[in-house]
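Take a look at the structure set out below.
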Amino acid sequence: MAVPVVVAGVNGHGRSHLAELRRLGEQGRARLVGICDLVPPDQELSTGLGAVEYDRDLGALLKRTGAEVTLVATPIHTHLPLARTALEHGSHLFLEKPPTASLAEFEELRAALRAHGAACQVGFQSLGSSAVPAARELIAEGTIGDVRGISGKGRWVRTTAYYKRSVWAGRRRMDGHDVVDGALTNPFAHMVATALALAGAGELPPPISRSSCSAPTRSRATTPRACACAPRRVSRSASRPRCARPRTRPRS
Ligand SMILES: NC(=O)c1ccc[n+]([C@@H]2O[C@H](COP(=O)([O-])OP(=O)(O)OC[C@H]3O[C@@H](n4cnc5c(N)ncnc54)[C@H](O)[C@@H]3O)[C@@H](O)[C@H]2O)c1
């Protein structure tokens with residue numbers, strides 16, 4: 001049966017989600033039942049979507065439509081409040097990346113998801129690609145040798161127009177709220193998430209303190225942080241968080 005979905009935030013990246021929902025609608029897998037945005041969708045956006053409810057208020061929209069999934073493609077600092085509203089109305093979530101503006105907000109989100117027993121997918125496209133499991137298999141088989149680090153490169157051009165498209169773009173804080181829209185937290189978040197997936201990260205491990213980390217500390221000139229261990233090899237059975245980053249080979 002087609003899953004009823006509402007989308008919050010449709011005038012930016014949300015457009016691509018509407019396009020995908022049109023496709024899933026044709027396949028009978030999902031049904032767009034409502035749009036929430038501060039700005040009503042224009043004629044072009046509404047074309048081919050059928051009779052869809054619109055509201056500026058996500059809670060009111062969810063109450064009217066009974067949507068089972070809420071897709072949030074709004075500015076970063078609005079993700080957590082909208083996610084809370086969706087969960088309170090018994091909806092599952094698709095949250096655009098980055099899911100929240102800070103780790104503290106992320107923990108709040110995780111607690112709310114647990115309390116409501118809801119599922120949440122974050123919009124990291126690569127995690128839906130078969131390339132990541134294929135690369136992990138190559139790593140596991142040793143086909144590409146000993147993996148000593150994972151890095152990413154991006155060459156997206158962000159012009160002034162990009163940062164002028166919306167008031168929140170490129171801001172660290174706005175109206176007293178964290179936004180944290182930076183290169184690493186937004187576009188490069190795709191790479192961080194992909195790197196973590198390649199490293200085998202699943203559940204967030206407990207924080208690793210400097211004192212419990214056995215990885216060798218390289219000089220500050222090359223590695224500014226004492227330890228940047230990927231969670232892959234962190235022992236979960238140990239009562240004390242233990243870092244087991246593979247030791248770097250002695251330099252010749
Ligand atoms: N996965 C990807 O590749 C990708 C690409 C681009 C953007 N994004 C993410 O999508 C999100 C939105 O980015 P964008 O560039 O589309 O932003 P945008 O500012 O261009 O569009 C945001 C939309 O949300 C609406 N909106 C703002 N506050 C709202 C609220 N409280 N309730 C309902 N609607 C509200 C705005 O009117 C607008 O239509 C961000 O989290 C961004 O990081 C993801």
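The values are calculated or read from the model by the stated rules, or taken from the named source; none is laboratory data. None of the values given here were measured: they were computed from a predicted structure. Note that we place each Cβ from the backbone using ideal geometry, even for glycine, and neighbour counts take in every protein chain shown.
Annotations
- The set of residues from region 106-127 being under 25 Å from R172 (Cα atoms) and within 13 Å of the ligand (Cβ to nearest atom) comprises Q121, V122, G123, F124, Q125.
- Taken over region 54-83, the criterion of being within 12 Å of the ligand (Cβ to nearest atom), touching a residue at least 24 places away in the same chain (Cβ under 8 Å) and either among the basic types (K, R) or not in a helix (DSSP H, G or I) (or both) is satisfied by T70, L71, V72, A73, T74, P75.
- Looking only at region 43-75, and only at residues there that are among the small types (G, A, S) and at pLDDT 95 or above, the one that is nearest to the chain's Cα centre (by Cα): A73
- Subset of region 34-89 (residues that are surrounded by 22 or more Cβ atoms within 10 Å (Cβ to Cβ) and within 14 Å of R15 (Cβ to Cβ)): I35, L71, A73, T74
- Filtered residues of region 162-186 (kept if more than 21 Å from the chain's Cα centre (by Cα) and away from the ligand (no atom under 12 Å from the Cβ)): G176
- Which numbered condition P40 misses (of (1) part of a loop (DSSP other than H, G, I, E, B); (2) over 24 Å from the mean Cα position of the chain (by Cα); (3) within 15 Å of the ligand (Cβ to nearest atom); (4) under 29 Å from A115 (Cα atoms)): (4)
- In region 186-202, the residues that are on the phi > 0 side of the Ramachandran plot and modelled with pLDDT under 90 reach residues that are away from the ligand (no atom under 16 Å from the Cβ) and in a helix (DSSP H, G or I) with C-beta atoms within less than 6 angstrom, at least six apart or across chains, in these pairs: G200/R232.
- Residue match in region 145-161 (condition: closer than 19 Å to P75 by Cα and within 13 Å of the ligand (Cβ to nearest atom)): yes
- Matching residues, region 84-102, being over 21 Å from D181 (Cβ atoms) and part of a helix (DSSP H, G or I): T85, A86, L87, E88
- Contact map, region 141-157: residues that are without any contact (Cβ under 8 Å) to a residue 40 or more places away in the chain and in a loop (DSSP other than H, G, I, E, B) paired with residues that are surrounded by 10 or more Cβ atoms within 10 Å (Cβ to Cβ) and aromatic (F, W, Y), Cβ distance under 7 Å, separation 6+ or inter-chain. Pairs shown: G154/F188.
- If you filter region 81-97 down to residues that are over 15 Å from A60 (Cβ atoms) and among the hydrophobic types (A, V, I, L, M, F, W, C), you find that the one that is farthest from the chain's Cα centre (by Cα) is L87.
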